[in-house]
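Note sheet for the following structure.
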Amino acid sequence: MSTQFSSEQLDRLKSAMEKLKSIGEPEAAAVPEEEQVVEEEDSVLSKGTYLKVDDDEMAAWLYLTPPKDGEAYKKSDLIDYLERHGVVEGLHQSNLSAMIKKKVYNREILVAVGRQIQEGKDGYFEYLFSPEEYGTPKIREDGSVDYTNITALQNVKAGEKVAIYHRAVQAVDGCTVLGNVLKGKLYRDLPPMRGRGIRREDEEYYAQNDGKIEVKDGRVDIQNVHEISGDVDMIIGKVEFFGDIVIYGNVEEGVVIRAGRNIEVHGSTSLANLYAGGDIILSRGIQGGNKSKVSARGNVFADFIEHTTVEAGGMVQANIIMNSNVSAKDKVIATGKKGTIIGGYVHAVKGVEAVCIGNDVELKTIIHCGYEAQTHERMIEVRKKEADIREKISDLVESMSEALREKRMRGANTSEATEKKLVEWNKLKDQYFAELDKVENDKNDLEELVEESKGSQIKIDGNVFRGVVICINAEQMFIERNTCYMKYIADKGVIEGSVIVHN
């Protein structure tokens, strides 16, 4: 049935359309930030149907209204509708089928899900040993720590597989429901493993010889180990080895042991001197008789330390430290239930921890943490020396500048004396700058030490006896009466003690 319009009606309709055109189309309603809603247009789907796409484009929802009387939707109708509105990836086929089969209307149903990026992984080495891992010390019945099972050695045999390289796995790109690609990160492979004593077969690494294996700065090395099954006495006298030294017996009086890496003594040690480029482990302690020195660039572990000078570039840890001179750039820790420091001088840059300090007979025991008083004095001295050298350089440069001006003016007629002075001054200038470099390096080392000292504290989780001297940086405090459970820190040049509260 067609509708007939008169010429007058057609003119009015044309005029109205022209007015609408001059005004412009109305603005579209704002879409909420979190989602986009697309209403049904020109579709077999009933009016009121709409599509909602999440703001991140990773999910699409279809609101389907019932079909017209006597009609039924097909799954292809829904897919066509989604594709016409840009939803082309991740269609939820089972949900679309269910909407048709179960006639799910007037509800938002998830009809498409984007594909998330599947992250990859950088290439990495899987070590078939535990790099730089010590054995776990046992706690004895009396509460002290048993150091006999601590070892810095991890030995391998020739031909043993030591590492596997796992190549980088690249990410799998994702995709939004609207077909926009989500690019994954680029993952990188590592260069082949570096080191000594290892060989490579494809992505696997094997030991070429027997020895101790370790990882340092990403480099795997297998080093020879010098092992001594019996005692080391004056007949042997001296033991020197560039790698690790392991002694299963005792180290007796007068012996000197030097190792490029670690030293382990599984027996007792007495009146001997030990020097290591790595760690020193004394399973049964040392009785030094005020003649022994133990020096390690790394850590020192011992059951006990008596009448011995100990220097460590790392930490010092023992059950008992008695009448010894101990210094550590990290911490000194008296471990276990006993955890005792009696007599002597114990210094650690980063702090001292113990259960008990001093004893009933009020034996003088000095505990120091932070930077020592001589460090402060050395800092003043170095800064003064730096200022003196800079002043000398300034004066020298001024003298050289005058001589050079004279040389530029006179040219070949420059006096022999001026030429000679310039040569001497150049040598002196080089000397001053070399001295300045050394002084600045010393100053930087001292400033670094002072910086590392910040936050240093002394913690005693038990008794502190009269006769103990607590020192932090350049300050000191005398303990005038017995006390317990104390923590000491330095605040604005004053040592403050507070009680340790146990929950």
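Overview of values
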{"quantity": "Å² per residue, accessible surface of the chain at 1.4 Å", "calculated": "58 Å²"}
{"quantity": "For the range 378-450: rounded, prolate or oblate by the Cα gyration tensor [a/c cutoff 1.5]", "calculated": "prolate"}
{"quantity": "Ratio Rg/Rh [Cα only; Rh per Kirkwood] for the chain", "calculated": "1.28"}
{"quantity": "Estimated distance in nm for a label pair at Lys421 and Glu447, the labels positioned 7 Å out from Cα along Cα-to-Cβ", "calculated": "3.6 nm"}
{"quantity": "Cut-off 11 Å between beta-carbons: net charge of the residues surrounding Ala328, Lys and Arg +1, Asp and Glu -1", "calculated": "+1"}
{"quantity": "Label-point separation, Lys121 to Val361 (7 Å along Cα→Cβ), nm", "calculated": "6.1 nm"}
{"quantity": "Rounded if a/c under 1.5, otherwise prolate or oblate - the range 463-503, Cα gyration tensor axes", "calculated": "oblate"}
{"quantity": "Alpha-carbon Rg/Rh ratio, for the range 334-473, with Rh computed the Kirkwood way", "calculated": "1.38"}
{"quantity": "Charge sum, other residues only, whose C-beta stays under 15 Å from Ala373's C-beta, Lys/Arg counted +1 and Asp/Glu -1", "calculated": "-3"}
{"quantity": "For the range 139-230: rounded, prolate or oblate by the Cα gyration tensor [a/c cutoff 1.5]", "calculated": "oblate"}
{"quantity": "Two-decimal Rg/Rh across the range 274-326, once Rg and the Kirkwood Rh are taken from alpha-carbon atoms", "calculated": "0.91"}
{"quantity": "Charge sum, other residues only, whose C-beta stays under 13 Å from Leu182's C-beta, Lys/Arg counted +1 and Asp/Glu -1", "calculated": "-2"}
{"quantity": "Sorted peptide list for 471-484, 390-403, 256-269, 297-310, criterion being average Cβ within 10 angstrom, highest first", "calculated": "297-310, 256-269, 471-484, 390-403"}
{"quantity": "Contact order relative to length of the chain, as percent, for alpha carbon pairs under 8 angstrom and 6 or more apart", "calculated": "7 percent"}
{"quantity": "Projected-area mean, the range 152-192, by convex hull of Cα positions, square nanometres", "calculated": "5.4 nm²"}
{"quantity": "Count of Lys pairs (Cα-Cα under 29 Å; at least 8 positions apart or interchain) in the range 397-503", "calculated": "19"}
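The values are calculated or read from the model by the stated rules, or taken from the named source; none is laboratory data. Please read all numbers here as calculations on a predicted model, not as lab measurements. Cβ atoms come from the backbone with ideal geometry, glycine included; neighbour counts cover every protein chain shown. Only protein heavy atoms, including side chains, enter the accessible area calculation; ligands, DNA and RNA are left aside. Shrake-Rupley method; radii C 1.70, N 1.55, O 1.52, S 1.80 Å.
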